[in-house]
Structure formats: structure tokens, C-alpha cells
1. Show the residue pairs that are 6+ apart or on different chains and have beta-carbon atoms under 7 Å apart, the first residue being within the range 26-54 and of a type in the set (Lys, Arg), the second being at pLDDT 75 or above and surrounded by 12 or more Cβ atoms within 10 Å (Cβ to Cβ).
2. Collect the residues in the range 127-170 that are in a loop (DSSP other than H, G, I, E, B) and over 28 Å from the mean Cα position of the chain (by Cα), keeping them in residue-number order.
3. I'd like to check something: does the range 89-102 contain any residue that is in a loop (DSSP other than H, G, I, E, B) and either among the basic types (Lys, Arg) or in contact with a Gly (Cβ under 7 Å, 6 or more places away or on another chain) (or both)?
4. When residues of the range 57-79 are filtered for being part of a loop (DSSP other than H, G, I, E, B) and either over 16 Å from ASP94 (Cα atoms) or aliphatic (A, V, I, L, M) (or both), how many remain?
5. Looking only at the range 67-110, filter to residues that are within 30 Å of GLU132 (Cα to Cα), among the basic types (Lys, Arg) and out of contact with any Ser or Thr (no Cβ under 9 Å at 6 or more places or on another chain); which one of those is surrounded by the most Cβ atoms within 10 Å (Cβ to Cβ)?
6. Kindly evaluate PRO43 against the criterion of being modelled with pLDDT of 80 or more, surrounded by fewer than 11 Cβ atoms within 10 Å (Cβ to Cβ) and on the phi < 0 side of the Ramachandran plot.
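The values are calculated or read from the model by the stated rules, or taken from the named source; none is laboratory data. Please read these numbers as outputs of a predicted model, since none were measured by experiment. Neighbour counts are summed over all protein chains in view; Cβ atoms, including those assigned to glycine, are modelled from backbone coordinates with ideal geometry.
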Amino acid sequence: MGIRAYGCFWVVAILALGCQIRRIDGRPIGELVQNVTMTERRPPGVSWESWIDRQVREAEKRGEFDDLPGAGKPLADLGRPQDENWWIKSKLRDEGLSYTPPSLALKKRAEDALALASEAGSEAKAREIVEEINAEIREANRKGIRGPLVVLRPYDVEAFLRRRPTPRSD
């Protein structure tokens, strides 16, 4: 597995703690950090800024910054207002995950299902769509659902079908 699975943050945190932590996930620290090389220590009398600048310059010469993801692309979200959770939202977006609470997500799915059922080509298809979302709503009401309180009741399928506009045939 190696240290990459735990990330550089953990190595720094472990080293900063003076190796007070002996195990991570039941594995000895030495097993996780065995292939990690330490950078040289900052020489006495050299400012942090000049020492870091020199390390960055040398890494650039070695080509360690070549082929990084996003190279040559503009910074995402540069013009957006500051948000204290920007990095969480960015990570979720990059991973293709949703951060919509389940109760609000169900409400949105119900609205989308009704719109889809309104445009369905046949009454049978519209009935199927409404019955599927009703089953989801009943399940959420039976088990409970996390997120802000949203009152959703199953839709009356027959009343919906009577109110449904008749689809146009082209």
C-alpha cells in the first residue's frame, strides 16, 4: 500500500508529533513511511522564504512540476465569491458526488418525475412513472429520511392522469 494511500498530510502530522502515534489502521508507522525520503533541513541562518524558493526552483529544474493535472488551464472558481467550504464543494464536484440532502433530493426527483409523466406519450407510461415515485416517497416516509423537513405525500395517480395534458402526436 505505501504512504501514498495516507497522503502527505499524515506524514507531516506524524513527524510533527514526534512519532507519538505508533500505528495507523493497525499497521506500524514504519511500514507506512518506509519509502519516504526527508528533504534536507533548513540550514541555520537561511530564511524560510529563500530556502523554500530554492527548493521550488531546483524542483522546477528537475521537471517535478511538469505534467501536473490542470497545467496550462485557468484556475477554476477564480471569479466566484469566497466560500469557507470551497475545497469541500470542489472535491465533491471533482469526484462526481452530490451534497444535496436526501430529503431535498427526493423532492427534486418527485418534481422531475411529475414533469416527465406529464410529457409521457401514453397513459400507461405516465402511470408507471407516478407509481415509481410514489413507491420512493412511501419508502422514505416509512423509514425516515435525513435532511431538512420536507413533507411529501404519495400522489393520487388517478387525479394526476385526469389533470394531465393530453400529449401531442407529431
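1. These pairs meet every condition: ARG42/TRP51.
2. Narrowing the range 127-170 to residues in a loop (DSSP other than H, G, I, E, B): 144-156, 164-170.
Correct list: ARG153, PRO154, TYR155, ASP156, ARG164, PRO165, THR166, PRO167, ARG168, SER169, ASP170.
3. Yes, the conditions are met somewhere in the range 89-102.
4. Start the filter on the range 57-79 by keeping residues that are part of a loop (DSSP other than H, G, I, E, B), which leaves 63-79.
Going one step further and asking which of them are either over 16 Å from ASP94 (Cα atoms) or aliphatic (A, V, I, L, M) (or both), we end up with 63-68, 71-72, 75-76, 78-79.
Of the residues in the range 57-79, 12 are part of a loop (DSSP other than H, G, I, E, B) and either over 16 Å from ASP94 (Cα atoms) or aliphatic (A, V, I, L, M) (or both).
5. Start the filter on the range 67-110 by keeping residues that are within 30 Å of GLU132 (Cα to Cα), which leaves 92-93, 95-110.
Now narrow it down to the ones that are among the basic types (Lys, Arg): 93, 107-109.
Narrowing further to those that are out of contact with any Ser or Thr (no Cβ under 9 Å at 6 or more places or on another chain): 93, 107, 109.
Details: ARG93: 13, LYS107: 20, ARG109: 15.
Checking each candidate, the answer is LYS107.
6. Values: modelled with pLDDT of 80 or more: no; surrounded by fewer than 11 Cβ atoms within 10 Å (Cβ to Cβ): yes; on the phi < 0 side of the Ramachandran plot: yes.
The answer is no for PRO43.
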